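Every number in this text was worked out from the coordinates using simple rules, so none of it is lab data. The shown structure was predicted, so the numbers you read here are calculated from the model rather than taken from an experiment. Cβ coordinates were reconstructed from backbone atoms using ideal geometry, including for glycine residues, and neighbour counts include every protein chain displayed.
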Amino acid sequence: MSKQYGFLVNIGRCVQCEACVAACKTTHNLELGMKWRRVITYWHGEFPAVVNRTFTLSCQHCARPACVDVCPSSALSKRAKDGVVVLDRDACTNCKICGDACPYGAIQFAKDDSLQKCDFCSSRLARGQAPSCVVTCPTNALQFGTTEELAKISGAQQVEGELGPALFIIPPTRAWDLRAFRSALARAKEPSVPQALTVIL
Amino acid sequence: MSSKEPKTRKKAPLDLSVKKQPKDRVVPTFCGMCGPNIGCGINAIVRDGRFVGVEPLKESPVSKGRLCSVAYSAPHWVYSPNRLKYPLKRVGARGEGKFERITWDEAITLIADKLKEQKAKFGPESLAILGPARRNYHAYFNRFLGVHGSPNYGTSGICAMQRAFGFTHTLGGYPGPDVAHSNLIVIWAKNPVYAGTSKSNLRDILDAKDRGAKVIAIKPTLEPDAAFADVWVPVRPGTDAALALAYIHVIIKEKLYDQDFVDKWTYGFDQLAKHVGPLTPEWGERMTGVPASQIVEVARLFGTTKRVCFDVGNGLEHATSSSDAIRAIAIIIAITGNLDRAGGNVFALGRGAGGLGPKPITLRKNFAKQQMVDKLVAPAFPREFQPNAETTTSAYYGIIESVLTGKPYPVRTIIAPGTQPTVSNRGPKRVLEALKKVDFFVVLDVMETAEMNYADVVVPVATMYESDYPFEFQGGWLMARRRVIDPLGDYKSDYEFWIDLAVKMGYAEDFWGGSIEACMNDQLDPLGITLSKLRQHPLGLRISPAGGAKPPTYENYAKVFATPSPGLSGEPLLPQGKVALYSTTLEKYGYHALPQWVEPPESITGTPKLVAKYPLVLSDFHTSKSYMAGWLRNIPTLREVLPYPTVQIHPQAARERGLRDGDWVRVESPHGSLKVKAEIYPGVRPDTVMMLHGWWQGCQELGLPAYPLCDGGANVQNLYSSDIKKATDPVVWAMASQTLVQVTKIEEQGSAS
């Protein structure tokens with residue numbers, strides 16, 4: 001594999017505005033209820049020493065994607081040139097096994113049962129443009145690049161995970177944050193409806 | 001939309017980052033979702049004659065190639081089934097909603113005939129035009145009012161003007177936060193995240209944080225800015241004046257003020273020191289709910305940090321102690337030595353485009369007359385201070401009351417352009433009574449409004465995507481607006497409405513002979529360009545003053561402190577030529593010379609007898625990630641993010657009431673009750689609940705119904721006092737948005753979600 005694209009979320013700059021979600025929905029003309037990208041908020045502490053953090057999450061385009069592993073019709077695959085997990089819509093039988101396999105809730109199904117997931121704005125990438133969620137982010141909290149490039153960004157940490165998610169974060173400085181982030185990420189699949197998730201630690 | 005797109009594409013000259021198909025047309029213009037005002041730059045995508053999408057315009061210095069979530073919903077807004085497309089004339093009873101379709105010209109004629117008749121019978125002041133938060137079309141109807149002869153520009157008393165009054169009468173100007181050079185940024189009663197996400201100073205604040213600046217957020221709930229702040233001050237709603245006074249107490253008692261500045265440039269320090277003597281941190285804690293220890297800690301940060309700036313929002317303006325809170329904060333800025341210094345709060349005088357800008361079109365000369373001031377139906381600021389800016393101003397709610405009471409005289413025609421009187425003001429029950437009673441009511445909007453069924457004439461106007469006007473100018477950047485699509489019905493822009501109406505009234509001479517192009521060119525004149533020439537630069541032009549932009553200057557005290565009042569007196573705002581810690585001007589006109597603490601109409605400390613029945617403080621905010629005030633609930637892509645009206649309640653308060661997240665609850669105050677969902681929110685004061693303002697509209701696509709405007713609905717205004725004596729600031733017309741409530745579960749609605 002020549003390279004692997006991934007996303008980076010600078011958690012200290014993510015302000016819950018959902019511009020990335022809106023840009024994604026517009027770019028891909030998603031039906032109501034579908035969100036290839038979601039905004040997840042988690043809380044820590046109790047009033048008045050209470051605080052929350054937010055991150056934005058899409059498909060992680062994992063190194064060892066569970067969805068690809070379980071797909072019986074080879075409709076999902078990892079694209080060799082950039083590591084993006086792509087869907088061959090013609091091959092997909094809408095069996096939904098992949099939806100159960102993905103631990104991040106990144107795979108959703110539309111009203112007509114069709115599989116929905118982030119394609120890393122492949123058509124934009126082909127034109128040399130950044131994914132629309134990254135372009136719009138008003139605070140530059142969301143960035144993209146190859147995993148090599150992202151690893152070089154000051155403070156960036158790759159998120160650990162069995163499947164090797166291509167997700168980096170710049171955690172805020174407080175000690176509890178990373179632990180809380182991991183806990184929130186582990187629960188990203190709850191609820192079944194792709195609305196913002198609130199994890200109260 | 002097909003997910004398959006051509007792999008090779010020819011690069012068009014204006015194609016910046018647009019996902020477009022070969023035949024798509026790309027129109028660089030401005031977003032119009034939170035304006036009309038200075039907009040973020042967009043590339044609008046048109047496919048087969050239909051506006052299909054929006055992408056950020058990289059070249060825009062306002063938004064720098066970024067957009068917020070609302071910007072993307074523009075096509076849904078433009079093609080909403082709730083759009084007004086044809087002028088309507090009421091044929092049924094008020095409120096019944098029976099209309100017949102008329103033409104644009106018929107609508108203009110109907111309105112003009114009525115205004116001419118009333119002007120002859122009752123005088124021109126019988127007309128009032130309601131303004132919501134300041135928008136760029138205000139200048140056009142301001143001009144109309146002035147030429148017509150009515151002083152009654154009805155400001156809603158919620159935005160900017162009250163701040164300007166408090167600041168200018170204390171500091172001579174309204175200094176903005178110099179975030180870029182600050183070491184401590186105080187966000188007070190403002191939400192920089194939702195208030196224009198992609199064009200606000202949000203990025204600057206985050207950049208400052210990255211270089212080590214600290215942020216303090218003062219507000220009742222942990223909104224996103226409070227979440228990234230270093231210190232959150234969870235103040236009880238409506239008590240900001242008490243908090244600011246307690247801060248001043250600590251700053252003076254511990255001698256944390258800038259002695260040199262105080263000696264040289266302030267007036268009345270001894271009186272101030274005496275005044276705040278009893279206003280201890282412990283007193284502050286009782287009034288505001290903020291622990292005394294934190295009041296001391298934060299006051300010390302204000303007094304000991306070099307370069308502190310205050311970014312204040314209109315949360316301050318929704319309180320009975322609005323002007324006092326603003327004056328007290330202005331005093332903190334001054335005595336801590338942060339006025340017009342780098343990293344503090346700086347005056348516009350020393351920076352910016354050097355006064356270069358379009359020609360104002362309000363025609364202030366028509367307002368700056370004693371007879372106009374005398375004729376004000378409900379002065380938004382005391383008559384002694386009128387005109388308070390470019391125009392005279394009446395209180396929005398005072399205009400409504402005049403219809404019901406006839407005092408001092410009844411307004412006969414109300415025109416509501418882009419404002420919803422039942423949703424944006426207190427007392428919706430009174431407002432509906434007034435709208436039933438008023439002689440003539442005209443609604444001007446792009447979308448069905450909350451009270452359009454009461455209108456005699458409904459005039460649709462163009463969205464900003466259907467108009468070639470106006471141009472925009474900010475920070476030396478000038479760009480023409482371009483229409484993305486043609487209007488979907490028989491209507492024109494807001495701007496053309498006022499020009500057409502003026503011509504029909506016989507005011508053509510003052511309205512460019514009826515030509516909007518001439519109107520634009522008149523405004524562009526000082527910038528040395530015409531609209532047609534500007535259009536040759538679709539991405540706009542940089543305009544700088546002769547000799548280029550000058551570096552900022554600081555400490556412009558002598559100049560700014562000599563600024564004359566915009567009122568008829570023209571006397572200096574600061575008679576001593578110094579910061580008015582003690583205002584002899586306010587004293588002269590019968591108001592308190594020093595900032596006071598005035599309780600909200602209902603509060604834990606002010607009306608303790610009510611607490612047994614209504615134990616929780618309620619207030620609201622009007623910005624969110626999805627909506628603009630009382631609009632946009634009908635847009636499905638936005639509504640799915642925040643589908644239901646909620647009341648944010650602390651987990652402990654929820655437990656005490658047996659509430660779970662999402663339960664339907666009744667929120668009841670002494671003035672009315674609402675039905676909303678409980679939102680368990682760990683980041684709200686346990687003694688406080690908060691709502692989002694502006695709920696009334698349904699959303700067809702999501703099958704969500706409209707809600708009643710008064711009891712049983714979700715319109716927070718229904719819960720507040722509209723008693724002018726109790727609920728209004730003693731100096732300026734600002735109305736409280738705080739009350740006491742009880743929250744109870746509605747059992748039978750448990751499955752209604």
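Note on the stretch B:162-223: percent of Cα-Cα distances in each 10 Å bin, starting at 0 and stopping at the bin with the largest distance, equals 21, 44, 32, 3. Kirkwood hydrodynamic radius computed over chain B comes to 26.9 Å, based on all pairs of distinct alpha carbons.
The alpha carbons of the stretch A:88-201 give a radius of gyration and a Dmax of 16.1, 47 Å, in that order. Across the stretch A:125-135, rounded Karplus estimates of 3J(HN,Hα) from the backbone phi angles (6.51 cos²θ - 1.76 cosθ + 1.60, θ = phi - 60°) give 4, 4, 9, x, 10, 6, x, 5, 5, 6, 4 Hz, Gly and Pro being marked x. When only alpha carbons are used to place a centre, the stretch A:154-194 and the stretch B:410-487 end up 46 Å from one another.
Amide H contacts for B:Met447 (H built 1.01 Å from N in the peptide plane; partners 5 or more residues away or on another chain; cut-off under 5 Å): B:Leu84. With respect to chain A, whose longest principal axis is taken over its alpha-carbon atoms, helix A:176-186 is tilted by about 30°. Across the stretch B:53-173, the convex hull enclosing all Cα atoms gives 212 Å³ per residue. Please compute the Kirkwood hydrodynamic radius over the stretch B:337-446, one decimal place, Å, based on all pairs of different Cα atoms. Final number for the Kirkwood radius of the stretch B:337-446 is 16.8 Å. Can you list the residues of the stretch A:81-100 with backbone N under 14 Å from a point 7 Å past the Cα of A:Glu162, pointing along Cα to Cβ? Of the residues in the stretch A:81-100, A:100 have backbone N under 14 Å from the label point off A:Glu162.
Fewest-first ordering of B:Thr553, B:Thr646 by other beta carbons within 10 Å of each residue's beta carbon gives B:Thr553, B:Thr646. From least to most packed, judged by other beta carbons within 10 angstrom and beginning with the fewest, B:Phe381, B:Phe261 follow the order B:Phe261, B:Phe381. Computed from the Cβ-Cβ distance with R0 of 51 Å, the FRET efficiency linking B:Asn183 to B:Arg383 stands at 0.75.
Given a Förster distance of 56 angstrom, what is the FRET efficiency for A:Lys96 paired with B:Ala120, based on the Cβ-Cβ distance and rounded to 0.05? With R0 = 56 Å, the Cβ-Cβ based efficiency is 0.15. Considering only B:Ile331, B:Leu534, B:Thr607, the residue lying farthest towards the positive end of the dipole of chain B is B:Leu534, judged by Cα position with unit charges set on Cβ. For the stretch B:608-749, place one equal point scatterer on every Cα, skip the solvent, and apply the Debye formula. What is log10 of I(q)/I(0) at q = 0.11, 0.13, 0.14 Å⁻¹? Debye curve over Cα of the stretch B:608-749, log10 I(q)/I(0) at q = 0.11, 0.13, 0.14 Å⁻¹: -0.40, -0.56, -0.65.
Arranged from fewest to most other beta-carbon atoms within 10 Å of their beta carbon, B:Glu517, A:Glu18 become B:Glu517, A:Glu18.
3J(HN,Hα) along the stretch A:48-64, derived from phi through the Karplus expression 6.51 cos²θ - 1.76 cosθ + 1.60 where θ = phi - 60°, amounts to x, 8, 10, 8, 10, 10, 9, 9, 10, 9, 10, 4, 8, 6, 4, 5, 10 Hz, with x in place of Gly and Pro. Taking the Cα centre of the protein assembly as shown as reference, the dipole from Cβ charges on Lys and Arg (+1) and Asp and Glu (-1) amounts to some 1440 debye.
Kirkwood hydrodynamic radius of the stretch B:523-576, from the reciprocal of the average inverse Cα-Cα distance over all distinct pairs: 15.1 Å. The radius of gyration of the Cα set in the stretch B:289-377, together with its Dmax, comes out at 18.8, 53 angstrom. Note on the protein assembly as shown: antiparallel DSSP beta bridges, both residues inside, total approximately 60 percent of the bridges counted. Diagonalising the gyration tensor over the Cα atoms of the protein assembly as shown and scaling each eigenvalue by 5 before taking the square root yields semi-axes of 43, 35, 29 Å, largest first.
Considering all C-alpha pairs of chain A, those separated by over 20 Å amount to 55%.
By the Stokes-Einstein formula, at 1.002 mPa s and 20 °C, the stretch A:1-119 with its Kirkwood radius over alpha-carbon pairs has D equal to 136 µm²/s. The stretch B:210-224 and the stretch B:574-619 have Cα centres lying 26 Å from one another.
Divided by 2.2 N^0.38 Å, where N counts the residues, the Cα radius of gyration of the stretch B:434-514 comes to 1.32. Distances between placed amide hydrogens fall under 5 Å for B:Leu57 paired with B:Gly41, B:Ile42, B:Asn43, B:Gly65, all partners being 5 or more residues away or on another chain. Shown in residue order for the stretch B:613-626 are the 3J(HN,Hα) couplings computed by the Karplus curve 6.51 cos²θ - 1.76 cosθ + 1.60 at θ = phi - 60°: 7, 10, x, 10, 7, 10, 8, 9, 10, 10, 10, 8, 6, 10 Hz (x for Gly and Pro). Note on B:Lys504: aspartates and glutamates with a C-alpha under 14 Å away, same-chain residues under 8 apart excluded, are B:Asp105, B:Glu106, B:Asp113, B:Glu117, B:Glu496. Positive-end ranking of B:Met464, B:Thr239, B:Leu84 along the dipole of chain B, with charges on Cβ about the Cα centre, is headed by B:Met464.
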